[in-house]
Amino acid sequence: MSERKKIAVLISGRGSNMASLISASMDPSYPAEIALVISNKPGAAGLERAAEFGIETATVDHTEFSGDRQAFERALDEKLKARGIEFVALAGFMRLLSSWFVTQWRDRVINIHPALLPSFKGLHTHERALEEGVKLHGATVHFVSAEMDDGPIIIQGAVPVLEDDTPDTLGERVLAVEHKIYPKALALVASGRAKVKDHRVAIAGEDTEQAGPVLIWP
Ligand code: GRF
């Protein structure tokens with residue numbers, strides 16, 4: 001087996017996507033190992049969850065840097081490099097990363113967003129999807145650029161929007177898809193099959209036989 005890539009997951013909250021990555025990485029044939037979980041929020045529930053899995057955790061509290069984003073990001077960068085981290089997966093990490101950080105980690109940071117990008121960047125995606133009356137909604141895993149919720153798309157998963165959905169019911173349906181696509185996206189990136197080319201992601205060895213409509217709704 002080729003060597004597993006060392007991953008850090010950055011969180012700010014409950015860490016359900018982090019847990020889905022950790023669970024996937026328990027399979028020895030998975031190409032990535034979650035070596036470190038960092039939260040910018042002390043006491044984030046995800047930290048405890050990671051520790052229960054036996055994963056090393058750290059906190060880099062952004063409020064301790066008196067508004068100096070560069071200093072916060074340098075502290076993050078140092079922790080990642082000290083642990084030999086090769087790729088970073090953002091999972092509900094609620095800080096924007098500057099172009100300095102993104103350049104340091106070019107094509108090595110991925111994020112999950114609860115909408116089909118480029119629609120519904122930012123917060124409250126489920127409320128906004130319901131307001132707009134879209135029939136399909138979903139989640140996206142993408143490489144991170146210095147723009148919010150932007151960057152080459154690796155995977156998207158779609159769900160139908162049902163007549164009686166509330167932001168919560170729709171959000172639950174999307175979250176279930178997030179937990180499926182994030183481990184798949186990380187595997188594609190860590191194994192080197194997903195590569196950025198001209199601001200788009202090319203996936204090596206994808207089974208094009210299966211191409212066709214995956215979800216049409218209603
Ligand atoms: C997820 O919906 C993710 O897409 C978004 O923030 C939420 C984090 O949830 N970026 P969790 O902490 O992974 O449970």
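FYI, it's all coordinate maths here, none of it is from the lab. Predicted, not measured: the structure shown is a model, and the values here were computed from it. Please note: Cβ atoms are built from the backbone with ideal geometry, for glycine as well, and neighbour counts cover all protein chains shown.
See the values below:
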{"read-out": "Any hit, the range 118-126, residues being in contact with a helix residue (DSSP H, G or I) (Cβ under 6 Å, 6 or more places away or on another chain), over 30 Å from residue 33 (Cβ atoms) and either part of a loop (DSSP other than H, G, I, E, B) or polar (S, T, N, Q) (or both)", "value": "yes"}
{"read-out": "Which numbered condition residue 42 fails, given (1) closer than 20 Å to residue 110 by Cα; (2) in contact with a strand residue (DSSP E or B) (Cβ under 7 Å, 6 or more places away or on another chain)", "value": "(1)"}
{"read-out": "Subset of the range 22-76 (residues that are out of contact with any helix residue (DSSP H, G or I) (no Cβ under 7 Å at 6 or more places or on another chain), of a type outside the set (A, V, I, L, M) and part of a loop (DSSP other than H, G, I, E, B))", "value": "27, 28, 29, 41, 42, 43, 54, 56, 61, 66, 67, 68"}
{"read-out": "Extreme residue, nearest to the ligand (Cβ to nearest atom), among residues of the range 134-180 that are among the small types (Gly, Ala, Ser) and outside any helix (DSSP H, G or I)", "value": "139"}
{"read-out": "Qualifying residue in the range 156-169 (condition: under 20 Å from residue 30 (Cα atoms), surrounded by 14 or more Cβ atoms within 10 Å (Cβ to Cβ) and aliphatic (A, V, I, L, M))", "value": "no"}
{"read-out": "Test: residue in the range 59-81 that is on the phi < 0 side of the Ramachandran plot, polar (S, T, N, Q), touching a Gly at 6+ places or on another chain (Cβ under 7 Å) and within 16 Å of the ligand (Cβ to nearest atom)", "value": "no"}
{"read-out": "Residue match in the range 184-193 (condition: part of a loop (DSSP other than H, G, I, E, B) and out of contact with any Gly (no Cβ under 7 Å at 6 or more places or on another chain))", "value": "yes"}
{"read-out": "Near pairs, Cβ below 9 angstrom, 6+ apart or cross-chain, from the range 138-154 (at positive phi) to any residue that is among the hydroxyl-bearing types (Ser, Thr, Tyr) and buried (at least 24 other Cβ atoms within 10 Å of the Cβ)", "value": "149/140"}
{"read-out": "Which numbered condition residue 95 misses (of (1) away from the ligand (no atom under 15 Å from the Cβ); (2) assigned to a loop (DSSP other than H, G, I, E, B); (3) under 20 Å from residue 7 (Cα atoms))", "value": "(1)"}
